[in-house]
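Take a look at the structure below.
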Amino acid sequence: VLGPNTPADVVDKVCAKFSFMGKFVARSLMDSRMLDIPFSEAFYKWILGVEGTFTAQDLQHVDPVMARSFAQLAEVAVKKHNLEKDSLLVSPQMHAWYLPFDGGAYRLVKH
């Protein structure tokens, strides 16, 4: 993984490798040649132009750690939505307050 402080010469080398790989794969597709390279299903969807059908399962094939984080975030969002729907837990007065992030601490503020 390239970080924000990666030296420019390293970034250039990585970009050159990706460029070469792209040309190599493109040439093999144009020549109808088989490549024994294990690309992910998400890559094939992207190549075929059907990336609009990407799912969380595709992310699992590409980056399992990120997929797990995404699933946890989605679970939190569902729980939040269910809490907001529960009229016993949420009153109109509660919407008048919010928690802004203020330099490392949350504080309760009235709108």
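The values are calculated or read from the model by the stated rules, or taken from the named source; none is laboratory data. The model shown is predicted, which means the values in this text are computed figures rather than measured ones. Neighbour counts run over all protein chains shown; Cβ positions are idealised from the backbone, glycine included. With ligands, DNA and RNA removed, areas are computed over all heavy atoms of the protein, side chains included. Shrake-Rupley method; radii C 1.70, N 1.55, O 1.52, S 1.80 Å.
Taking Lys45, is it open to solvent by less than 80 Å² (accessible area, probe 1.4 Å) and of a type in the set (Lys, Arg)? Considered against the rule, which asks whether it is open to solvent by less than 80 Å² (accessible area, probe 1.4 Å) and of a type in the set (Lys, Arg), Lys45 comes out as yes. Looking at the stretch 30-40, is at least one residue at pLDDT 75 or above and under 16 Å from the mean Cα position of the chain (by Cα)? Scanning the stretch 30-40, I find at least one residue that is at pLDDT 75 or above and under 16 Å from the mean Cα position of the chain (by Cα), so the answer is yes. Which residues, taken from the stretch 57-93, are surrounded by 10 or more Cβ atoms within 10 Å (Cβ to Cβ) and modelled with pLDDT under 65? Across the stretch 57-93, the qualifying residues are Leu89, Val90. Taking residues in the stretch 1-15 that are more than 22 Å from Met66 (Cα to Cα), and partners anywhere that are open to solvent by less than 90 Å² (accessible area, probe 1.4 Å) and outside any loop (DSSP other than H, G, I, E, B), not one pair has Cβ atoms closer than 8 Å while being at least 6 places apart or on different chains. Within the stretch 1-31, the set of residues being aromatic (Phe, Trp, Tyr) and either at positive phi or surrounded by 11 or more Cβ atoms within 10 Å (Cβ to Cβ) (or both) comprises Phe24 only.
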